[in-house]
1. Can you pull out every residue in the stretch 10-33 that is of a type outside the set (A, V, I, L, M, F, W, C) and either in a helix (DSSP H, G or I) or surrounded by fewer than 23 Cβ atoms within 10 Å (Cβ to Cβ) (or both)?
2. Looking at the stretch 88-101, which of its residues are of a type in the set (Gly, Ala, Ser) and within 10 Å of residue 24 (Cβ to Cβ)?
3. Need pairs with beta-carbon distance below 9 Å; first residue farther than 15 Å from residue 2 by Cβ and modelled with pLDDT under 90 and within the stretch 180-199, second assigned to a helix (DSSP H, G or I) and not hydrophobic (A, V, I, L, M, F, W, C); sequence gap 6+ or separate chains.
4. On the given criteria, is residue 59 outside any helix (DSSP H, G or I), more than 13 Å from the chain's Cα centre (by Cα) and within 15 Å of the ligand (Cβ to nearest atom)?
5. Take the stretch 84-97 and flag every residue that is in a helix (DSSP H, G or I) and either within 16 Å of the ligand (Cβ to nearest atom) or surrounded by fewer than 20 Cβ atoms within 10 Å (Cβ to Cβ) (or both).
6. Just name the residue that is surrounded by the fewest Cβ atoms within 10 Å (Cβ to Cβ) out of those in the stretch 113-144 that are away from the ligand (no atom under 12 Å from the Cβ), part of a loop (DSSP other than H, G, I, E, B) and free of Cβ contacts under 8 Å to residues at least 40 places away in the same chain.
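The values are calculated or read from the model by the stated rules, or taken from the named source; none is laboratory data. These numbers come from a predicted model, not from an experiment. Cβ placement follows ideal geometry from the backbone for every residue including glycine, while neighbour counts extend to all protein chains displayed.
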Amino acid sequence: MFVGHYAGALAAKAIEPRAPLWSYVLACQAMDIAWGGLLIAGVEKASVDHSLPGSALILSHMPYTHSLPAAALWSVAVATALVLLLKLPRRAGLFIGLAVLSHWLLDFLVHRPDLPLIWSGPKVGLGLWNHAVLEQAVEMGLLAMAGAAWAWRRGQQGHGWAGAVGFLGFLLVLQVVPLLKPLAGDPVSLGGAAVATYLVTCLVAFFVEPRTRKARD
Ligand SMILES: [Zn+2]
């Protein structure tokens, strides 16, 4: 699961538009941003095997970012921090928290069993990655549905289509790049590419958001 995670951000933004888009975009990948950082630091472990279907990633150790209790903690921490920082309504904080948690649920759908249920185990994952075409279809389908809801909501608020089309187009490019360029195997390149990609996506989300009025819409 890569850009499919942004379905969580766009759905949240469609339902509760009072938080800025970039905050939802950050929230839905918060666990992977932390993962990239801890991979670089050598705290969490991953490697790649290009013979694997769907995703080349072997995620052998990631209790701090991808265990179920860690996901719950990240959800509360990110939501609380953004509510305080951006002075958001509580309901927006709730949806930011849900966007963080959606990451774990979508990872659960596609990962081979590598997500610790408690701290280091038992590890779970439904393994949709083993069916690469189906996995891509699910990911794109979720993104299309949430993207349509978000674009419709923007239309209701009187905004043009250009920003929505631009952001969704950017996500499609992001999805295609790894298919053309295989993942690097060393943790620093892997983690660095992940963090850089997710932060650039936040920046793009910031720029596609209309900011004509004080209301965050
Ligand atoms: Zn993840």
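1. 13, 16, 17, 18, 20, 23, 24, 32 - these are the residues of the stretch 10-33 that are of a type outside the set (A, V, I, L, M, F, W, C) and either in a helix (DSSP H, G or I) or surrounded by fewer than 23 Cβ atoms within 10 Å (Cβ to Cβ) (or both).
2. 92, 99
3. From the stretch 180-199, the pairs are 184/192.
4. Criteria met by residue 59.
5. Listed by number, the residues that qualify are 84, 85, 86, 90, 91, 94.
6. If we take residues in the stretch 113-144 being away from the ligand (no atom under 12 Å from the Cβ), part of a loop (DSSP other than H, G, I, E, B) and free of Cβ contacts under 8 Å to residues at least 40 places away in the same chain, then 122 is surrounded by the fewest Cβ atoms within 10 Å (Cβ to Cβ).
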